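The values are calculated or read from the model by the stated rules, or taken from the named source; none is laboratory data. Bear in mind the structure is a predicted one, so any value in this text is a computation, not a measurement. In this analysis, Cβ positions are derived from the backbone assuming ideal geometry, glycine residues included, and neighbour counts consider all displayed protein chains. These accessible areas exclude ligands, DNA and RNA; they are computed on the full protein's heavy atoms, side chains included. Shrake-Rupley method; radii C 1.70, N 1.55, O 1.52, S 1.80 Å.
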Amino acid sequence: MTLRHVLTFLVGSACGAVLAATLVFSPIEIGGVSNGPWITNPHIGSSDANPLTRALVARRGLLALTREEAVYFTATRDSNDLNLSERCAYEITGEIPPARWWSITIYDEDSFLPRNGLDRHAVNSSSVDINGDGRVVIPVGQASPGAIATDQAGLFSLTLRLYHPDPIVLEGLDSLDFPRIERIGCEGDT
Amino acid sequence: MKRSGLPFLPYMLGLLIGAAVTLHVLPGRIMARAMDRIESLGGDNDGARHAPRVTAENQTIVRASPDILYSVCLFDLADGPIRVEATWPADGNYASVSFYDANTNNFRAINDRDVDALSTSISLARPFDSDIPERTDESAWSPTTTGLILYRRVIDASTDLAAAETERQGFTCTQMVDQ
């Protein structure tokens with residue numbers, strides 16, 4: 001082995017470290033199971049998670065529970081595959097999958113609650129009216145009192161937490177009906 | 001003709017090893033940083049820190065929920081097993097005690113529906129700690145010497161916050177003593 005080979009190995013190691021760190025700290029969603037705009041990873045919190053999943057969860061969802069206890073779905077895009085943005089208003093409509101308790105919370109690009117002085121970062125199963133047909137309509141980024149506020153959120157994400165999900169949720173992570181996220185309009189739209 | 005440029009094989013080997021080592025190390029580093037941040041907040045009585053309800057202004061952990069009350073204990077089993085006590089919500093809302101090792105793995109969780117009582121005692125030890133000096137309702141075994149224990153309690157519009165606060169004061173973590 002020559003010095004050139006050793007140096008090349010070291011350069012490769014440095015590139016590998018940078019590549020891995022970039023994957024973990026970038027906003028790109030990697031792996032997991034998709035259902036419309038909602039993405040989850042069934043291995044969150046579990047010791048059988050692969051190293052990339054564990055690192056991603058440590059970065060974005062530290063101290064998450066395993067799926068038997070809670071399932072976490074995150075959406076960074078709406079149902080038309082456009083980024084969720086504080087410049088736009090949305091409606092989350094449809095049935096929430098069956099669980100003992102659920103909530104939907106907004107996070108900014110750094111995965112923290114947006115610092116906007118408004119105490120409207122989340123809605124949950126006890127604060128939302130559920131229609132007779134089991135559907136919900138949750139305004140996001142609108143002025144109405146029950147809306148999730150998007151001020152100072154930039155390109156944001158929404159996390160749907162299902163605590164003690166019904167077994168059919170775990171069996172149908174990618175096939176069950178999940179609520180849609182519909183863009184109503186954006187600043188500057190004519 | 002002599003080839004120029006980087007030798008492919010050592011470069012790819014380095015790339016894979018560098019990425020694997022980074023992914024292996026990162027969770028532990030992120031966990032250690034979070035534990036340092038929690039430690040710096042100071043401790044309450046009996047090892048537990050009862051965080052105020054999460055707001056945009058006081059959040060310290062990513063993706064914390066404003067609908068959940070959190071209490072946390074940092075643990076170090078170098079001095080032996082720990083006794084964890086938890087009081088469950090009387091209003092039927094979800095609550096759990098979850099155990100995380102130093103690599104972020106959630107190696108055990110016990111919730112209010114796992115037990116038939118309004119409170120539970122849990123021993124936390126390492127797998128090779130054969131002598132647990134106190135009797136408890138449940139046991140948990142940590143793969144690593146350090147880590148943290150998180151108490152979660154759902155609050156909603158109908159929750160009596162004062163009662164919820166009193167209940168979660170029942171979450172404690174204390175060093176076991178030989179009897």
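Using R₀ = 45 Å, calculate the FRET efficiency as 1/(1 + (r/R₀)^6) where r is the Cβ-Cβ separation of A:ASP110 and A:ALA143; round to 0.05. Intermediate results must be reported in sequence, preceding the final value.
Details: r = 25 Å, r/R0 = 0.56.
The calculated FRET efficiency here is 0.95.
Considering every residue in B:110-118, what mean count of other chain Cβ atoms within 10 Å of its Cβ is obtained?
Rounded to a whole number, the mean comes out at 1.
Panel note: the C-alpha atoms of the protein assembly as shown, placed on their principal axes, show extents of 80, 75, 38 Å (largest first).
What order do B:MET12, B:MET35 take when sorted by accessible area (1.4 Å probe), most exposed first?
On the way: B:MET12 65, B:MET35 30 Å².
Result of the area sort, largest leading: B:MET12, B:MET35.
Please compute the average number of Cβ atoms from other chains found within 10 Å of each residue's Cβ in peptide B:54-62. Other-chain Cβ atoms within 10 Å of each residue's Cβ, averaged: 5. If you wrap region B:65-121 in the convex hull of its Cα atoms and look at it from every side, the mean projected area works out to 4.8 nm². Rounded to the nearest 10 degrees, the angle from helix B:8-40 to the longest Cα principal axis of chain B is 20 degrees. If R0 equals 35 Å, the separation of the Cβ atoms of B:ARG135 and A:GLU182 corresponds to a calculated FRET efficiency of about 0.05.
Computed extension gain for B:GLN175 through B:SER40, at 0.36 nm per residue and net of the alpha carbon distance, reaches 46.5 nm.
Stokes-Einstein diffusion coefficient for region A:25-135 at 4 °C in a medium of 1.567 mPa s, Rh from the Kirkwood formula over Cα pairs: what value in µm²/s? The calculation lands on 83 µm²/s. Each label point was placed 7 Å from the Cα along the Cα-to-Cβ direction; for A:SER126 and B:ALA117 their separation is 2.6 nm.
Just to confirm a number: summing +1 for Lys and Arg and -1 for Asp and Glu over residues other than A:VAL137 whose beta-carbon lies under 12 angstrom from that of A:VAL137, what do you get?
Numbers: positive: A:ARG135, A:ARG180; negative: A:GLU91, A:GLU95, A:ASP129, A:ASP133, A:GLU182.
For residues surrounding A:VAL137, the net value is -3.
Any idea how far the Cα center of region A:111-173 sits from the one of region A:8-24, in Å? About 37 Å separates the Cα centre of region A:111-173 from the one of region A:8-24. Across A:HIS43, A:HIS121, the residue with the most accessible area heads the list, and the full order at a 1.4 Å probe is A:HIS43, A:HIS121. If you bin all the Cα-Cα distances of chain A at 10 Å, starting from zero, the percentages per bin are 9, 33, 33, 15, 6, 4, 1, 0. Relative to the longest principal axis of the Cα atoms of chain A, the long axis of helix A:3-25 lies at roughly 10 degrees. Legend: mean number of C-beta atoms from other chains within 10 angstrom of residue C-beta atoms, peptide A:49-59, equals 6. Taking the helices alone, the protein assembly as shown has a mean residue ellipticity at 222 nm of -7000 deg cm²/dmol, built from -39,500 (n - 2.57) per DSSP H run of at least 4 residues and averaged over all its residues.
Projected onto their three principal axes, the Cα atoms of region A:76-159 cover extents of 34, 28, 23 Å, largest first. Between helix A:51-60 and chain A there is an angle of about 50 degrees, using the helix long axis and the longest principal axis of the Cα atoms. Specify whether the C-alpha gyration tensor of region B:54-163 places it in the rounded, prolate or oblate class, a ≥ b ≥ c being the square roots of the eigenvalues: rounded for a/c under 1.5, otherwise prolate if a/b is larger than b/c and oblate if not. In terms of gyration-tensor shape, oblate.
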